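A.B. asks: Could you have a look at this structure, given as structure tokens, before my questions?
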Amino acid sequence: MLVVGAVLVTALALLAGASASQGGAPRSLPAAPEVEVTPSAGFPPDVPQLPRNFRGRGRYVVPSLGVDVPFVWNADHGDMRMVAGGPDHLIWFTNLIHDGQLYTYTYQWPGITTPVPCLPNLGAFTLAQFNSLVATNAQPVGSEILVTPWRRPVEHWRMGFVAPPFPLASADIYVDPDDPTTWRQVLHFGLQNLYAADQDEWIRMRTWEHRPGNATLPPPCQP
């Protein structure tokens, strides 16, 4: 439910995080062509893009809150789902793009006692739109070496943009130097995050496979 996730899928926007869900019943969009990646025409081929099919595992880390929990990020033919934590952790939330809609739902978060209903909170939104936002706004920072969870070379990209209703969103994206559709790390989306005001939310991927993963709607989000 952090802004990081809602924008990670809106700017991104899996992310990671969320904001309170608002909106009505989901609206279906025509299925996108089944291609592995939806390239953003006219942009450099090395710009970060999310493939339509992937499955990844890692950690969602918020040092200011003492949070370090499992993180799962999957896509299945253009639907996408990220889940941080679980019932035995301090936090537990999910963000999704499903059938052309953006969803977010927080089960547990410090100070949140009643989950907000899971509804499509930003209207129609697709993985292709997300990739276009990244391609339009991301700028290369340079080649770096990640040291967590082990030493890995990456290409570092930075993006910032205005995306109503969010006045400003920003993020640092780290991808494999040989494949910009393999994401290694993401730092924060959403400058006005309500739940992690120190803006120190990290998605640190340990594995990333180019095959479909589970991106179904969880029970709280189903009609």
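Please treat every number below as a calculation from the coordinates, not as lab data. Note that the structure is predicted; figures quoted are calculated from it, not measured. Cβ placement follows ideal geometry from the backbone for every residue including glycine, while neighbour counts extend to all protein chains displayed.
A.B. asks: With the condition kept exactly as written, say whether any residue in the range 128-143 is surrounded by 14 or more Cβ atoms within 10 Å (Cβ to Cβ), assigned to a strand (DSSP E or B) and in contact with a helix residue (DSSP H, G or I) (Cβ under 7 Å, 6 or more places away or on another chain).
C.D. replies: No, the range 128-143 contains no residue that is surrounded by 14 or more Cβ atoms within 10 Å (Cβ to Cβ), assigned to a strand (DSSP E or B) and in contact with a helix residue (DSSP H, G or I) (Cβ under 7 Å, 6 or more places away or on another chain).
A.B. asks: Starting from the range 206-220, take each residue that is assigned to a helix (DSSP H, G or I) and list its partners that are crowded, with 16+ Cβ neighbours inside 10 Å, counting only C-beta distances under 6 angstrom and pairs at least six apart or across chains.
C.D. replies: Listed pairs, sorted by first residue: 220/105; 220/118.
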